[in-house]
Amino acid sequence: MPSLLWGDEFTYEGPPDPEKWSFQTGGHGWGNRELQYHTGRTDPETANAWVSGGRLAIRLRREDFGDCRYTSARLNSRFSWQYGRLEVSAKLPSGAGTWPAVWMLGSGIRESGWPACGEIDVMEHVGRRQDDILFSLHSKRYNHVIGTHLTEARRFGGVSDSFHLYGVDWKEDEIAFLFDGETAVIWRNGDGGRERDVSGWPFNAPFFLLLNLAFGGGLGGEPDEGCLPQSMEIESVRIYR
């Protein structure tokens with residue numbers, strides 16, 4: 001049986017556990033022309049990330065903040081790991097422009113920058129494609145900026161109506177994306193004749209986890225302000241050895 005390495009069951013009330021999570025704040029578009037300002041507020045009335053009733057809610061609101069018209073939150077795990085299984089139980093928002101994501105970045109991003117550090121998109125969803133879940137890998141050689149990123153969409157129903165498990169099985173030369181414990185997409189190092197060096201496969205180093213909810217932007221698309229407020233709810237985050 002795999003052993004639990006790290007996680008959060010959200011069995012407390014208040015802001016996300018500061019020993020496990022940090023806020024990444026700002027309203028500069030995040031490289032994707034996103035429209036929201038990610039805040040780090042911890043007051044229950046204004047917080048964009050709040051734990052209650054056994055769930056973390058990342059809240060997207062229509063609200064003027066800084067130079068932005070919307071607020072939300074972006075959380076980074078204070079834990080990094082290499083290889084194993086990640087499972088996140090989440091219920092997704094709906095509405096045009098919403099763009100929730102569960103994803104991972106290489107911990108060496110400060111030294112190597114993006115995309116050389118590597119990015120694993122465990123789950124991305126956009127409201128204009130309600131039933132599609134996107135699974136992607138980014139690297140220096142294969143990324144969306146130059147149109148070479150590795151991405152696949154799979155259609156699942158009810159992702160905004162109930163909780164589902166989004167995850168990855170991460171091995172040295174293989175990353176399998178999971179939906180409710182079943183394999184949805186697999187990429188292997190060197191598949192399709194792709195280069196096997198670090199520029200194409202930077203996934204043999206520690207990564208950390210991110211949870212965020214964006215609005216608009218390059219993938220989110222034209223937003224429908226009328227759908228707000230929206231939330232991405234998280235029941236649990238578990239990383240297994």
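What the table below lists for this structure:
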| quantity | calculated |
| --- | --- |
| Cut-off 17 Å, label 7 Å out along Cα→Cβ of Asp67, residues of the stretch 36-50 by amide N | 36-39 |
| Sequence of Leu92, Leu165 once ranked by neighbouring C-beta atoms within 10 Å, starting from the fewest | Leu165, Leu92 |
| Estimated distance in nm for a label pair at Arg110 and Ser162, the labels positioned 7 Å out from Cα along Cα-to-Cβ | 4.3 nm |
| For the stretch 3-140, Kirkwood radius (reciprocal of mean inverse C-alpha pair distance, Å) | 16.3 Å |
| Restricting the stretch 86-172 to GluC sites (Glu not before Pro) in coil, as DSSP defines it, with at most 15 other Cβ within 10 Å | Glu172 |
| Förster radius 35 Å - calculated FRET efficiency between Ile186 and Glu222 (Cβ-Cβ, nearest 0.05) | 0.60 |
| Estimated dipole of the chain in Debye, rounded to 20 [Cβ of Lys and Arg +1, of Asp and Glu -1, Cα centre] | 360 debye |
| Share of Cα-Cα pairs in the stretch 91-204 lying beyond 16 Å, as whole percent | 60 percent |
| From phi via Karplus (6.51, -1.76, 1.60), per-residue ³J(HN,Hα) for the stretch 135-151 in Hz, x at Gly/Pro | 10, 9, 10, 10, 8, 4, 8, 10, 8, 6, 5, 9, x, 10, 4, 9, 9 |
| Distance in nm between pseudo-label sites at Thr11 and Ser199 (7 Å out along the Cβ direction from Cα) | 4.9 nm |
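Every read-out reported here was derived from the displayed coordinates using simple, explicitly stated rules and does not represent laboratory data. Everything numeric in this text was worked out from a predicted model, so none of it was measured. Don't worry about glycine lacking a Cβ; one is built from the backbone with ideal geometry, like all the others, and counts go over all protein chains shown.
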